[in-house]
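Colleague: Mind looking over this structure? Questions follow.
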Amino acid sequence: MSGLTFVDVCSGGGGLALGLEQSGFEPRLLLDDDELAITTLRTNRPRWNVLHTDLLDFDPAEHPVSHDVDLLSAGLPRVKSSATVGRADSQVEERLLEATIYLVHAIRPRAVLIENVPGLAHSSRYQQFRDFARTELTHLGYACSWFVVNAVDFGVPQNRRQGLLMAVERQHAESFRVPAPTVQQPTTVGDALGPSMASRGWQDAVRWAAQADQPAPTLVGGSKNRGGADLGPTGAKRKWATMGVNGHTVGDEVPDADFVWAPERGKDNMVKITPEQAALLQGFPDSWEIAGRKTARYRQIGHATPPPVGKALGRAVAAALNGDPAISVAG
């Protein structure tokens, strides 16, 4: 699987690119329009070719290194509603989806991977975009697959469903297989965060971890236009509360030896998840450094594709391009 190359657009905090790297792909170019995300990428991978620009302003003719790659990947900002697709007041998320498809015309990768909300793969609300993408990509000689994966099936301690468009050059299409789960039992929040919760001497860390006996609900990065970070909508906050976690905010540091954990008294006596712990819940390695202040770090993490999912997808693409569906996409 070595020697495969990719261009990654809307790279954010680097989760998808990191997973693709772990699967054997080498990045030719990454781009994002967020200054802190650019800092995150350059801090962790100084040798990566990282471009600070908006996808809508990107001209591949000015960056020939982006041509003749094996994969174009895009972990795009989450679309909110397809009702505005194609209208003059269409939101930027929909324009980025279309821009990615048009970018395929220019750089002609051997495969295309677009990740977004689960509904993108099957909901009637996004039928217009699927029809547009299929028409364009079929004309260019690709075969399209739409499917949904859940990060928890790949060892990520989080129920996080993602909608995928995978387009592969027609001669390789029969070799593509949707990634199979790599774990049989889900990793729980307690499993993932127990050691960090105990790292400052908190005596109740073991008892807390035993109660946090399920995967996390989907982490939501939120918008720059919103206030401080939290762990998601009302349903997610209720789920966090059953694990003794205050989902209404994000913590500055893990509990110390003096912290009294009494979730029955309400959220003020529950633990708070830090951005670094949120990164663990997304499957990032401890060594991955996220730039910015607390809320900005959490938003990069919450918007990211979990690297283990990126790795599984990369292995599936590599197997298809190598013409060998028997190549394992597990592990």
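Any read-out appearing in this document is the output of simple, stated calculations on the displayed coordinates, not a laboratory observation. For clarity, every value in this text was computed on a predicted model and none was experimentally measured. In this analysis, Cβ positions are derived from the backbone assuming ideal geometry, glycine residues included, and neighbour counts consider all displayed protein chains.
Colleague: So, in the chain, how many Lys pairs have Cα atoms under 13 Å apart, if the pair is 8 or more places apart or on different chains? Write out the running numbers ahead of the final one.
Modeller: Details: K224/K294; K237/K267; K237/K272; K239/K267; K272/K294.
Lysine pair count for the chain: 5.
Colleague: Rounded if a/c is under 1.5, else prolate if a/b beats b/c, else oblate: with a ≥ b ≥ c from the C-alpha gyration tensor eigenvalues square-rooted, which is region 6-71?
Modeller: Because a/c hits 1.5 or more and a/b fails to exceed b/c, region 6-71 counts as oblate.
Colleague: Let me ask something else. Run the quick spin-label model on H52 and R161: label points 7 Å from Cα toward the beta carbon, then report their separation in nm to one decimal.
Modeller: With each label point 7 Å from Cα toward Cβ, the separation is 3.9 nm.
Colleague: Take the Cα gyration tensor of the chain, multiply each eigenvalue by 5, square-root it, and list the three semi-axes largest first, rounded to whole angstrom.
Modeller: Working: eigenvalues 245, 84, 72 Å².
Whole-Å semi-axes of the equivalent ellipsoid: 35, 21, 19.
Colleague: While we're here: Over region 189-302, how many percent of alpha carbon pairs lie in each 5 Å bin up to the one with the longest distance?
Modeller: 2, 13, 23, 27, 20, 11, 3, 0
Colleague: Still on this structure: Pairs of Cα atoms under 8 Å, at least six residues apart: use those to get the relative contact order of the chain, whole percent.
Modeller: Numbers: 687 pairs, mean separation 66.2, N = 331.
With pairs under 8 Å counted, the relative contact order is 20 percent.
Colleague: Suppose every Lys and Arg Cβ carries +1 and every Asp and Glu Cβ carries -1, with no other charges. What dipole size does the chain come out with about its Cα centre, to the nearest 20 debye? The partial results should precede the final answer.
Modeller: On the way: 33 positive and 37 negative charges, 152 e Å.
My answer is approximately 720 debye.
Colleague: Say the dipole of region 28-157 comes from +1 at the beta carbon of Lys and Arg and -1 at that of Asp and Glu; which of V92, Y142, G155 then lies farthest toward its positive end?
Modeller: G155
Colleague: Could you tally the net charge around H105, taking each other residue with its Cβ under 15 Å from the Cβ of H105, Lys/Arg +1 and Asp/Glu -1?
Modeller: Details: positive: R108, R110, R134; negative: D59, D68, E98, E136, E169.
Around H105, the surrounding residues sum to -2.
Colleague: Starting from the 7 Å offset along Cα-to-Cβ, what nm value, one decimal, do you get for the label separation of H139 and V92?
Modeller: Between H139 and V92, the simple spin-label model gives 2.7 nm.
Colleague: Okay, next question. Please determine, in degrees from 0 to 90 and to the nearest 10, the orientation of helix 307-321 with respect to the longest principal axis defined by the Cα atoms of the chain, where the helix direction is its Cα long axis.
Modeller: 20 degrees
Colleague: Here's a follow-up. Which of the trypsin sites (Lys or Arg not before Pro) across region 229-331 are loop residues per DSSP, with 10 or fewer other Cβ within 10 Å? Before the final figure, lay out the partial values.
Modeller: On the way: sites: K237, R238, K239, R265, K267, K272, R293, K294, R297, R299, K311, R315; in loops: K272, R293.
Answer in residue order: R293.
Colleague: Could you compute the net charge surrounding G292? Neighbours are other residues with a C-beta less than 11 Å from the C-beta of G292; K and R count +1, D and E count -1.
Modeller: Values: positive: R293, K294, R297, R299; negative: D34, E35, E289.
That sum, taken over residues with Cβ under 11 Å, equals +1.
Colleague: Comparing T218, T100, T242, which has the greatest mean-square fluctuation in the GNM of the chain with Cα pairs linked when under 10 Å apart?
Modeller: Residue with maximal mean-square fluctuation among T218, T100, T242: T242.
Colleague: Below 15 angstrom from the Cβ of A121, what's the summed charge of the other residues (Lys, Arg +1; Asp, Glu -1)?
Modeller: Details: positive: R78, R125, R130, R134, R160, R161; negative: E115, D131.
So the surrounding residues net to +4.
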